[in-house]
1. From the list B:GLN1, B:GLN64, exactly one residue is at pLDDT below 90 and more than 14 Å from every other protein chain (Cβ to nearest Cβ). Which is it?
2. Restricting attention to the stretch B:27-44, which residues are more than 21 Å from A:TRP34 (Cα to Cα), of a type in the set (S, T, N, Q) and under 16 Å from the mean Cα position of the chain (by Cα)?
3. Out of the residues in the stretch A:83-112 meeting the condition of being part of a loop (DSSP other than H, G, I, E, B) and either more than 14 Å from chain B (Cβ to nearest Cβ) or not small (Gly, Ala, Ser) (or both), tell me which one is least open to solvent (accessible area, probe 1.4 Å).
4. Search the stretch B:50-59 for residues being open to solvent by less than 70 Å² (accessible area, probe 1.4 Å) and at pLDDT 90 or above, and hand back the single one that is farthest from the chain's Cα centre (by Cα).
5. For the stretch B:22-37, check the following and say yes or no: at least one residue is in contact with a strand residue (DSSP E or B) (Cβ under 9 Å, 6 or more places away or on another chain), surrounded by fewer than 16 Cβ atoms within 10 Å (Cβ to Cβ), closer than 30 Å to A:CYS23 by Cα and within 12 Å of another protein chain (Cβ to nearest Cβ).
6. Restricted to the stretch B:65-85, and to residues that are within 25 Å of A:MET41 (Cβ to Cβ) and over 9 Å from the mean Cα position of the chain (by Cα), which residue is surrounded by the most Cβ atoms within 10 Å (Cβ to Cβ)?
7. Please specify each residue of the stretch A:54-82 satisfying the condition of being open to solvent by 70 Å² or more (accessible area, probe 1.4 Å) and either within 13 Å of another protein chain (Cβ to nearest Cβ) or of a type outside the set (A, V, I, L, M) (or both).
8. For the stretch B:81-98, enumerate the residues that are without any contact (Cβ under 8 Å) to a residue 40 or more places away in the chain and either under 12 Å from B:PHE33 (Cβ atoms) or facing chain A (nearest Cβ under 9 Å) (or both).
Amino acid sequence: NAGVTQTPKFRILKIGQSMTLQCAQDMNHNYMYWYRQDPGMGLKLIYYSVGAGITDKGEVPNGYNVSRSTTEDFPLRLELAAPSQTSVYFCASSLQRGGGETQYFGPGTRLLVL
Amino acid sequence: QKEVEQDPGPLSVPEGAIVSLNCTYSNSAFQYFMWYRQYSRKGPELLMYTYSSGNKEDGRFTAQVDKSSKYISLFIRDSQPSDSATYLCAMTGNTGKLIFGQGTTLQVKP
């Protein structure tokens with residue numbers, strides 16, 4: 001199993017550009033998440049999905065969009081990139097969303113918006 | 001006030017030392033407490049998980065939860081240079097929504 005994979009590893013965007021961060025998991029997990037990690041700030045939930053076709057907002061959804069057409073894939077779309085979106089983005093997945101469920105994280109995508 | 005507070009460090013200790021990492025929280029609904037370890041430029045990975053109050057031991061690692069004080073700890077015995085990483089506490093109630101601390105960066109020097 002590859003687990004959770006993310007592409008690209010690193011990207012530089014200009015202000016106002018758009019891009020899609022890719023995330024895929026091969027564990028047949030129902031739940032998938034997108035977090036951003038800023039220095040000294042921990043991880044903040046952007047969006048999550050409970051299954052194909054179902055998504056919901058997290059703590060910091062503004063400026064992002066998601067879709068989930070398959071169990072395996074959960075892309076994150078940035079429209080009109082802003083410097084405030086400079087961060088490290090992590091995708092995660094879990095079988096369920098109960099309190100004891102382990103979330104498995106991908107290796108992250110580093111994004112720099114200039 | 002943040003729901004979860006964690007001293008970001010950095011914390012530097014000599015090899016073999018006992019390390020204590022801590023988090024405090026304000027939400028009494030939290031019942032599940034986790035410690036994630038994150039190596040540089042990698043994603044977090046679950047290290048320890050505890051439900052409600054009490055202790056849990058796994059090898060050199062011990063997790064403690066004191067719900068009355070809203071305080072959790074992770075102890076690392078006989079610390080090794082390979083333990084050098086950022087340690088993130090995380091917690092949740094029945095919703096499953098994880099709230100993370102800021103992370104503490106640990107360096108174990110040979």
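1. Testing whether each residue is at pLDDT below 90 and more than 14 Å from every other protein chain (Cβ to nearest Cβ) leaves just B:GLN1.
2. The answer is B:GLN31, and nothing else.
3. A:GLN103
4. Selected residue: B:GLY59.
5. Checking the stretch B:22-37: not a single residue is in contact with a strand residue (DSSP E or B) (Cβ under 9 Å, 6 or more places away or on another chain), surrounded by fewer than 16 Cβ atoms within 10 Å (Cβ to Cβ), closer than 30 Å to A:CYS23 by Cα and within 12 Å of another protein chain (Cβ to nearest Cβ).
6. Across the stretch B:65-85, the extreme among qualifying residues is B:VAL65.
7. Once the filter is applied, which keeps residues that are open to solvent by 70 Å² or more (accessible area, probe 1.4 Å) and either within 13 Å of another protein chain (Cβ to nearest Cβ) or of a type outside the set (A, V, I, L, M) (or both), the stretch A:54-82 yields A:ASP56, A:LYS57, A:GLU59, A:ASN62, A:ASN65, A:SER69, A:GLU72, A:ARG77, A:GLU79.
8. Selection gives B:THR95, B:GLY96, B:LYS97.
The values are calculated or read from the model by the stated rules, or taken from the named source; none is laboratory data. What you are looking at is a predicted structure, and each value in this text was computed from that prediction instead of being measured. Because the Cβ atoms are built from the backbone with ideal geometry, glycine has one as well, and the counts that use them run over all protein chains shown. Ligands, DNA and RNA are excluded from the accessible area calculation, which covers all protein heavy atoms including side chains. Shrake-Rupley method; radii C 1.70, N 1.55, O 1.52, S 1.80 Å.
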